[in-house]
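Student: Okay, here's the structure, questions in a sec.
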Amino acid sequence: MNALMPAFCAASAIVFATIARETAKSHGLRVSLRRATAVVPTLVAAVSTTWMNTAGADGYAQATVLACAAVSAATDIQTGYVFDRVVLVALAILLGLSIESKALSISVTGAALTGGPLFVIHVMSRGRGIGLGDVKLGAIIGFGLGVTAGLEALRCAVLTAGCFGIVVLLCGRYGSQRWIRFAPFLAVGSAYAAIKCR
């Protein structure tokens, strides 16, 4: 196992979380990094990188995706937003790694195939079905994980979100909230796909 990957993932998560907290503060929102909604996704991401056993640029790209998805899940749960600054910093890191490994075309294809369906849902639902932040996060997941793992992450996210929605409806806990925050499911899907498709 590559011991550097969990450390890199944790360090990336700290950087993304700091950016998210400052962005939230500038918009009058609060993001607590001590809440379980922030700690649990980050731990899942770090543990997932332990099992990936991937070295080189691919491993660092997967760790970056998992850290970005974990922090985005935390901010989505706490505020309802996936912050652009977090996604843009992740994109900058992934772009450098993709160029270094000469896999830019694969990364762009992965982003299009993973983010594309989410964008179609966003447009067709006029932003009510999927938020634009979820679309950007989906594209980042595809960019970093590649075509196969990106599509697997999306499939897992849709299935888990659908099952969660059914359980919520059956339990009568829907209340006044008429949507499900999707970034946590994208985080779960990316962790699953990174391990399954390694």
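The values are calculated or read from the model by the stated rules, or taken from the named source; none is laboratory data. Keep in mind it's a predicted model, so treat the numbers as computed, not measured. Reconstructed Cβ throughout: ideal geometry from the backbone, glycine too, with neighbour counts over all protein chains shown. These area figures cover heavy atoms from the full protein model, side chains too; ligands, DNA and RNA do not enter into them. Shrake-Rupley method; radii C 1.70, N 1.55, O 1.52, S 1.80 Å.
Student: Scanning for something in contact (Cβ under 8 Å) with a residue 24 or more places away in the chain, outside any helix (DSSP H, G or I) and within 21 Å of VAL44 (Cβ to Cβ), does the range 130-149 turn up at least one residue?
Tutor: Within the range 130-149 (the criterion being in contact (Cβ under 8 Å) with a residue 24 or more places away in the chain, outside any helix (DSSP H, G or I) and within 21 Å of VAL44 (Cβ to Cβ)), the answer is yes, since at least one residue qualifies.
Student: Output the number of the condition that LEU170 fails; it satisfies all remaining conditions of (1) modelled with pLDDT under 95; (2) farther than 18 Å from GLY129 by Cβ; (3) open to solvent by less than 30 Å² (accessible area, probe 1.4 Å).
Tutor: Looking at each condition in turn, LEU170 falls short on (3).
Student: Which residue is modelled with the lowest pLDDT, if the candidates are limited to the range 20-41 and must be within 20 Å of ALA63 (Cα to Cα) and open to solvent by 40 Å² or more (accessible area, probe 1.4 Å)?
Tutor: Top of the filtered list is VAL39.
Student: Here is a list: ILE130, ILE180, ILE121, ILE140. Which entry is under 30 Å from SER26 (Cα atoms), among the hydrophobic types (A, V, I, L, M, F, W, C) and at pLDDT 95 or above?
Tutor: ILE140
Student: Now, a different point. Report yes if ILE106 is open to solvent by 30 Å² or more (accessible area, probe 1.4 Å), without any contact (Cβ under 8 Å) to a residue 24 or more places away in the chain and part of a helix (DSSP H, G or I), otherwise no.
Tutor: So ILE106 does not fit the description; no.
Student: Next up: May I ask you to list pairs of residues, at least six apart or on different chains, whose Cβ atoms are under 8 Å apart, with the first in the range 69-81 being without any contact (Cβ under 8 Å) to a residue 60 or more places away in the chain and open to solvent by less than 10 Å² (accessible area, probe 1.4 Å) and the second being among the aliphatic types (A, V, I, L, M) and part of a loop (DSSP other than H, G, I, E, B)?
Tutor: Note: pairs meeting the criteria are ALA74/VAL31; ALA74/LEU33.
Student: Further question on the same structure: Between a first residue in the range 12-26 that is touching a residue at least 24 places away in the same chain (Cβ under 8 Å) and closer than 13 Å to THR75 by Cβ and a second residue that is in a helix (DSSP H, G or I) and open to solvent by 80 Å² or more (accessible area, probe 1.4 Å), which pairs have beta carbons less than 6 Å apart while being 6 or more apart in sequence or on different chains?
Tutor: Going by the 6 Å Cβ cut-off, the qualifying pairs are ILE19/ARG85; THR23/ARG85.
Student: On to the next question. Does VAL87 qualify as being surrounded by fewer than 23 Cβ atoms within 10 Å (Cβ to Cβ), at pLDDT 85 or above and assigned to a helix (DSSP H, G or I)?
Tutor: yes
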